[in-house]
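Before any comments, here is the structure.
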């Protein structure tokens, strides 16, 4: 198979600070100290209100046998974006990982520090990437994420995850997950839903944490993928420095169709980069009753506050009647204690 | 994302008669009339012998907690080829489907019968495809398998499956499944394995039958895929007449890595077109104890007898010590009664 693939600029934005947002406020975490309810409430970290009620009503009606709204188990597909939907995205963990890889690679081969794009990362030279644009960024992704076997890549991600602390908060990465979403994933699974992550991040990085962080097995992660090549002589797969699928925006329905093969009836994304709108729209086209949600990052005290300049995601949510999660108002507790 | 994809000749061979085999003998089905054991034997349609014992020994040892051979549930990944491994491949069902599509399309638009490649199919003109080579074949695939939404394609496959009878045997397609393999799939699942189909056939066609025929959900089918495009205006996905992944030979480990994200510990393919060797090799590279099997189609009485001219699959099985299923000797019963 011969493919000529031009790598897209969108993915590369992962490696620079978010340009499409404003009003970014970073604060230290102030997790709620309220006691988690031990009652039968399946979503104790969600404040009581119209959204929580809507979620529970939806799940109840589509799982009730004999109901006109009943969805057979095999079609109870729930998809969640990751960055900004299941965990924080200020900055992207993918970006931290790329910088970690640069550090490790320069340690192993100090001469790299004099070579671009490593030099720019080592010297924190943002202008290099601003001036070099896509070309410079793809060099960085290619140099840090590809050219190794899958086994080597997995070992590298495990090391990174064991060491990494989230900037500004100084907590392990597990503590930037959103507690209400962890409860929602469990609640959906308890009701026969199969939960998937559909992320703009690279598929292997998210697979490295999906089971431990979210209870989602590797094969239920859909993500941005590089082109693979199997080498019989070494019996291994290598990734080549060319994108196969950019699983963002219009790429998300494509990734869903390829990996899952049917429309999700439940889908959740976030505003911030307008990356999830196509997924929510695709979900709404299901022949079954469906439910779409969008996280609105409006909590500068407990999480972050950032909005798209054109408010595209929130405007689209209003247009198509997607549910909007107000982090400030709908979440009693944002982050888990550990 | 811009991809320039040249469609491969290999996939297109699906649409012509198998060129790599000889000694093809087709017979009417003569299913065993032996009563299926109601004992605790998990594989009643397998004859007792070294292979059946090896399967049961393997599953027992890797599922025994505390054993050095123990495999955690999340890594109990089993992959099966479809054509010639889970059901018969003389001819490919994919080929029947392409011809069915031509028939339907010509009924809807009779003028097509005068237009190639439809004309060649209607007139059973094999020389057209022999002379036209890849170009003629891709025209046929493009005309019959793409250019419609996923929902339209699924409706078409359902119609086809409801009507189709298998040539030479005159039975519904369900009756060309291999009974011993159905038992093996169940046995593996009962022991915590997640079962996947990894097929050279097109992913949607196999997904249309995977749950009903094999108890395997859509999202656990890896197959040959066309390039998708999401259209926001119609909220639908269309397939374009360009291959995305040819899930055959070296494409199988690639499809496995992309869709599953780890090596299968149990893999089963068949000789006939040497399409499964890379998958078996990839499986054998697992860090866990692994098990590879290859179906040898040597039963001209109950199924078919066909071998590769160069015996590549059987030679490779001998080299790497893959288990070989002799249809003639290892299977007590080949096809299910219904």
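The values are calculated or read from the model by the stated rules, or taken from the named source; none is laboratory data. Being a predicted model, the structure only gives us computed values, none of them experimental. Reconstructed Cβ throughout: ideal geometry from the backbone, glycine too, with neighbour counts over all protein chains shown.
Tabulated data
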read-out	value
Subset of segment A:60-91 [within 30 Å of residue A:224 (Cβ to Cβ) and part of a helix (DSSP H, G or I)]	A:73, A:74, A:75
Residue within segment A:178-198 that is assigned to a strand (DSSP E or B) and over 27 Å from residue A:70 (Cβ atoms) present	no
Subset of segment B:50-98 (residues that are at positive phi and over 16 Å from the mean Cα position of the chain (by Cα))	B:66
Residue count for segment B:210-237, restricted to those that are more than 8 Å from every other protein chain (Cβ to nearest Cβ), surrounded by fewer than 24 Cβ atoms within 10 Å (Cβ to Cβ) and without any contact (Cβ under 8 Å) to a residue 60 or more places away in the chain	5
Segment B:238-253 - residue that is surrounded by fewer than 24 Cβ atoms within 10 Å (Cβ to Cβ) and not in a strand (DSSP E or B) and, of those, farthest from the other protein chains (Cβ to nearest Cβ)	B:249
Any hit, segment A:137-147, residues being within 14 Å of another protein chain (Cβ to nearest Cβ) and under 21 Å from residue B:261 (Cα atoms)	yes
Verdict on residue A:280 being surrounded by 24 or more Cβ atoms within 10 Å (Cβ to Cβ) and either under 30 Å from residue B:316 (Cα atoms) or modelled with pLDDT under 95 (or both)	no
Flag for residue B:161 being touching a residue at least 60 places away in the same chain (Cβ under 8 Å), under 20 Å from residue B:216 (Cα atoms) and not in a loop (DSSP other than H, G, I, E, B)	no
Those residues of segment A:126-138 which are exposed (fewer than 15 other Cβ atoms within 10 Å of the Cβ) and either over 15 Å from residue A:98 (Cβ atoms) or modelled with pLDDT of 85 or more (or both), in sequence order	A:127, A:130, A:131, A:133, A:135
Flag for residue B:322 being buried (at least 18 other Cβ atoms within 10 Å of the Cβ), more than 16 Å from residue B:80 (Cα to Cα), more than 13 Å from chain A (Cβ to nearest Cβ) and in contact (Cβ under 8 Å) with a residue 24 or more places away in the chain	no
Enumeration of residues in segment B:290-310 that are in contact with a helix residue (DSSP H, G or I) (Cβ under 6 Å, 6 or more places away or on another chain) and under 22 Å from residue A:230 (Cα atoms)	B:290, B:291, B:292, B:294
